[in-house]
Amino acid sequence: MTSDGATAEAAGTWLLGDLGVNRMGFGAMRLTGSAAFHEGTPGDRGRAIDVLRAAVGRGVNHIDTAAFYFSRLRSANELINSALAPYPDDLVIVTKVGPARDASGAWAAPARPDQLRGQVEENLRQLGRDHLDVVNLRIMRQKSISEHFGALAELREAGLVRHLGISSARPHHLAQAQEIAPVVCVQNRYGIDARGGEPMLHACAAQGIAFVPFFSVAGEGREAGAVRAEHEAVVTLARTRGVSPSQIRLAWTLRQGRHVLAIPGTGNPDHLTDNLAAGALRLTEEELRLLDPVGRTES
């Protein structure tokens, strides 16, 4: 399978509320450096801008970001603004709020409900927009999210936010949120070797809500990227199909349901091409059965 000419359209489409997106999107966290927003080597700014423009040029119209995605020299939102403004009409930028970092990059106490407006306005300022397409509330171990989600619903009514979602959520969080305002997406950790998110995967499928996994490629590497040894079954199938293990991981993720959206991130143009090609990779039922044991004992 060749990656030449791969575009995001090959993965199919879904609706985030009334916003149509290709199921193969792009996560901006990795643009800020080799270790994302942790200590690491800052990424090359020019190359990051080139990757963003290439992604959109090849059909990516769903970008995931956050104001707290920054490293010593790089801000994901600033890069997006510099690379893509004025924004294409069909580009959907999804941000998240809740976590907080100070100017030095140290993590601070999560935002209170009355502080969420400030976080939304910071995203607006950095991105150069007058409204945000989708804002996810990143849940920080709260049992109840009603106050936080209610504060975001007020911003939605005020026109600062078009649609709302939740992240790192459990099914009872989804129920709480839906009592307040519509939820268009749930963004949780999930992947071939991280199956703990399956209850939410199925809950979203039943309700027609987009399920957006993060760390599907990185696996246990999480923010640091795909630094772990790859599972033998994934490597074997990748060799058989003539593709990369990352493509197998992404193709498996997309195969979990039409409502599943992928947001692999990279600052490397070759990795971008590889990721986009995964949208056209169709795993067979037999291949899915061969991959099914991966991670079952680790979830």
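No lab work stands behind these numbers, since they all come straight from the coordinates. No experiment lies behind these values; they were computed from the predicted model shown. Every residue, glycine as well, gets a Cβ built from its backbone with ideal geometry; the counts of neighbours run over all protein chains shown.
Each Cα pair under 8 Å and six or more residues apart adds its separation to the average, and for segment 228-299 the resulting relative contact order is 34 percent.
Is any residue of segment 60-77 close enough, with backbone N under 20 Å, to a label point placed 7 angstrom from the Cα of Ser104 along the Cα-Cβ axis, and if so, which? Zone members listed by number: 68-75. Taking 0.692 mPa s as the viscosity and 37 °C as the temperature, the Stokes-Einstein diffusion coefficient of segment 19-291 based on its alpha-carbon Kirkwood radius rounds to 174 µm²/s.
Packing, as the average of other Cβ atoms within 10 Å across residues, places the peptides 92-98, 81-87 in the order 92-98, 81-87, highest first.
Given R0 = 30 Å, the distance between the Cβ atoms of Leu288 and Asn268 translates into a calculated FRET efficiency of 0.60. Ranking Gly196, Val51, Ala278 by Cα position along the charge dipole of the chain, where only Lys, Arg, Asp and Glu carry charges on their C-beta atoms, puts Gly196 farthest toward the positive end.
A simple spin-label model places the labels of Ala158 and Arg47 4.1 nm from each other, with each point 7 Å out along Cα-to-Cβ. Relative to the longest principal axis of the Cα atoms of the chain, the long axis of helix 245-254 makes an angle of roughly 60 degrees. Put a dot 7 Å past the Cα of Gln207, heading toward its Cβ, do the same for Arg141, and the two dots end up 2.5 nm apart. Dipole magnitude for the chain: computed about the Cα centre from +1 point charges on Lys and Arg Cβ and -1 point charges on Asp and Glu Cβ, it is near 320 debye. Inter-part distance, segment 245-282 to segment 132-191, computed on C-alpha centroids, equals 25 Å. Quarter the surface of the alpha carbon convex hull of segment 26-164 and you get the mean projected area, 8.2 square nanometres.
Judged by the mean number of other Cβ atoms found within 10 Å, the most tightly packed of the peptides 186-197, 48-59 leads the ranking 186-197, 48-59.
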